[in-house]
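Just so it is clear, none of the values below were taken in a lab; they were calculated from the coordinates. Every value quoted in this text rests on a predicted model; they were computed, and no experiment measured them. Every residue, glycine as well, gets a Cβ built from its backbone with ideal geometry; the counts of neighbours run over all protein chains shown.
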Number of protein chains: 2
Amino acid sequence: MPVGDKKVPDVVIRRLPLYLRSLESIDPAEYPIVSSEALAKMVGTSSGQVRKDLSYFGVFGKQGVGYQIVLLKGELRRILKLDQEIRIGLIGAGNLGAALVRYHQKNRVHQPLEIVALFDTDEKKIGRKIADVEIHPVECLQEKIQELKIKVMILTFPGEDAQQIVDICVENGVKSFLSFVPVPIKIPAGVKVQTADVTLELQSLAYYT
Amino acid sequence: MPVGDKKVPDVVIRRLPLYLRSLESIDPAEYPIVSSEALAKMVGTSSGQVRKDLSYFGVFGKQGVGYQIVLLKGELRRILKLDQEIRIGLIGAGNLGAALVRYHQKNRVHQPLEIVALFDTDEKKIGRKIADVEIHPVECLQEKIQELKIKVMILTFPGEDAQQIVDICVENGVKSFLSFVPVPIKIPAGVKVQTADVTLELQSLAYYT
């Protein structure tokens, strides 16, 4: 929770999991404290940025010493709401969808981020499983979101009807989207879309070539 | 190219492809001009943000009228260096890598972003093609980067040896990376890494639930 009413910039939120991941690679029994300089080096940013990012949440290191690793990990998990299970759905169980599910299940070590349902329009896929997660018909979206308390939805389908599908998700309590859909999506205030469209990413990376 | 010496924030660069994509969905013969309000609505931001983003590059709309669509598209392509071919490589032709290649080739319509080579360590994959792009042994990385003038590299491999592989890429002229690798990567100044790790994305999205 940010201190006061300051809205925390999205870029700051996107760096928090990087801090957490870096901290998780340190054995706190051996190194109980990390300096902002060391943490900055691990994630490829500056020590000033680390201190500023964490200060948004009232988290301050001890001057000249640093941050207690165990405490800082706990704080980051709490801030990111990773101290509770987050239930995720995925719409579009094609090549990309299937690869993402497999990738996530393999790499999610110790994360409470659980992909609990997949959805597709292709009848032949219904009832099949990818990495132990069942594929449901897209018609069951409303029912399954409510039943499984899905809060995050990954969108990996071609894009037709995207807005209609997103609307159903939002109406039933989905709070954030990771979208690979190649069309812009409208959402109400309080809901978040992260666009992870690979072509868009590559277009913005072209700037740096 | 930014006006003066102002460094353009990464978040601004990431919005430019969204503007471009929205403009490409308009028929300029029918609608030759777009207002900052209309463009903002299409990408889900504010008109002030649109004007500010474009002003970084000395691009200004006509007060009370808006932006000439054909000119603005040209400017955006020039800024993003999409007025030339950008050659892309991908290391790690597994499930995720293969899905990304197929997804990009299907969705890249009219984009000069060409995936020209895939790399893998698995001997059985060498010489095979995914969406018409050949898989080379990772030992040929240096040679192929130079021969094919690869400037952007997508990383979709498990992560061991990641730093060593990135170093080879950088030494041979790769300027930016789209990384799905679940370990932090160090790069020198002037090189850009966009982390597209799905688990990291989901962790930051948890914040908004």
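Longer than 19 Å from Cα to Cα, which of B:Lys81/B:Lys151; A:Lys151/A:Lys186; A:Lys7/A:Lys186; B:Lys41/B:Lys73; A:Lys62/B:Lys186 are they? Say none if no pair is.
Table pairs above 19 Å Cα-Cα are A:Lys7/A:Lys186; A:Lys62/B:Lys186.
Assuming R0 = 45 Å, can you tell me the calculated FRET efficiency for the pair A:Ser25 and B:Ala29, based on Cβ-Cβ distance, to the nearest 0.05?
Taking R0 as 45 Å, the efficiency between A:Ser25 and B:Ala29 is 0.20.
Which chain A residue hugs the A-B rotation axis most tightly by its Cβ, and what is that distance in angstrom, to the nearest whole number?
A:Ala99, 2
Give the cross-link partners of A:Lys144 among the aspartates and glutamates, using a straight C-alpha distance below 18 Å as the criterion and excluding same-chain residues fewer than 8 apart.
Excluding near neighbours in sequence, the set is A:Glu85, A:Glu114, A:Asp120, A:Asp122, A:Glu123, A:Asp132, A:Glu134, A:Asp167, A:Glu171.
Based on the alpha-carbon set only, what is the convex hull volume of region B:86-201 divided per residue, in Å³?
Dividing the Cα hull volume of region B:86-201 by its residues yields 104 Å³.
If every alpha-carbon in region A:2-79 counts as one equal scatterer, what log10 I(q)/I(0) does Debye give at q = 0.17, 0.21, 0.24 1/Å?
Reported log10 I(q)/I(0), two decimals: -0.59, -0.92, -1.22.
Per DSSP H run of at least 4 residues, take -39500 (n - 2.57); add these up for chain A, divide by its residues and hand me the 222 nm value, nearest 500 deg cm²/dmol.
Using -39500 (n - 2.57) per qualifying helix, the result is -12000 deg cm²/dmol.
At a threshold of 8 angstrom on Cα-Cα distance, excluding pairs fewer than six apart, so keeping six or more, what relative contact order does region B:1-119 reach in percent?
Averaging sequence separation for qualifying contacts and normalising by length gives 24 percent for region B:1-119.
Mind grabbing the base-10 log of I(q)/I(0) for region B:39-96 at q = 0.15 Å⁻¹? Debye formula, identical points on the C-alpha positions, no solvent, two decimal places.
Summing over Cα pairs of region B:39-96 leads to -0.59.
Can you give me the relative contact order of chain A as a percent, contacts being Cα pairs under 8 Å and 6 or more apart? Numbers along the way, then the final one.
Details: 288 pairs, mean separation 29.0, N = 209.
Relative contact order for chain A comes out at 14 percent.
For A:Met153, what residues show an amide H to amide H distance below 5 Å, using hydrogens built from the backbone and excluding near sequence neighbours?
Answer set, sorted by chain and number: A:Gly89, A:Ser176, A:Phe177, A:Leu178.
Taking the 0 to 90 degree range and rounding to the nearest ten, how far is the long axis of helix A:95-107 tilted relative to the main principal axis of chain A, both from C-alpha atoms?
It is inclined by approximately 40 degrees.
Quote the Stokes-Einstein diffusion coefficient, in whole µm² s⁻¹, for chain B, based on the Kirkwood radius over alpha carbon pairs, a temperature of 4 °C and a viscosity of 1.567 mPa s. Before the final figure, lay out the partial values.
Details: Rh = 19.0 Å.
Using the Kirkwood radius from Cα pairs, D works out to 68 µm²/s.
If you count, for every residue in A:7-13, the Cβ atoms of partner chains within 10 Å of its Cβ, what is the mean? Can you show the working numbers first?
Working: counts 0, 1, 1, 4, 5, 2, 6.
That works out to 3 on average.
Compute the FRET efficiency between A:Asp83 and A:Ala38 as 1/(1 + (r/R0)^6), taking r as their Cβ-Cβ distance and R0 = 25 Å, and round to the nearest 0.05.
Once rounded, the FRET efficiency stands at 0.55.
Can you give the mean number of other chain Cβ atoms that lie within 10 Å of the Cβ atoms in peptide A:96-107?
6
Using a 10 Å cut-off on Cβ atoms, rank the peptides B:82-89, B:195-202 from the highest mean neighbour count down. Present the calculation step by step, with values, prior to reporting the outcome.
Details: B:82-89: 19.1, B:195-202: 21.4.
The packing order, highest mean first, is B:195-202, B:82-89.
I'd like the mean, over residues of A:181-187, of how many other protein chain beta carbons sit within 10 Å of each residue's own Cβ.
On the way: counts 1, 6, 3, 8, 1, 3, 1.
Mean number of neighbouring Cβ atoms from other chains: 3.
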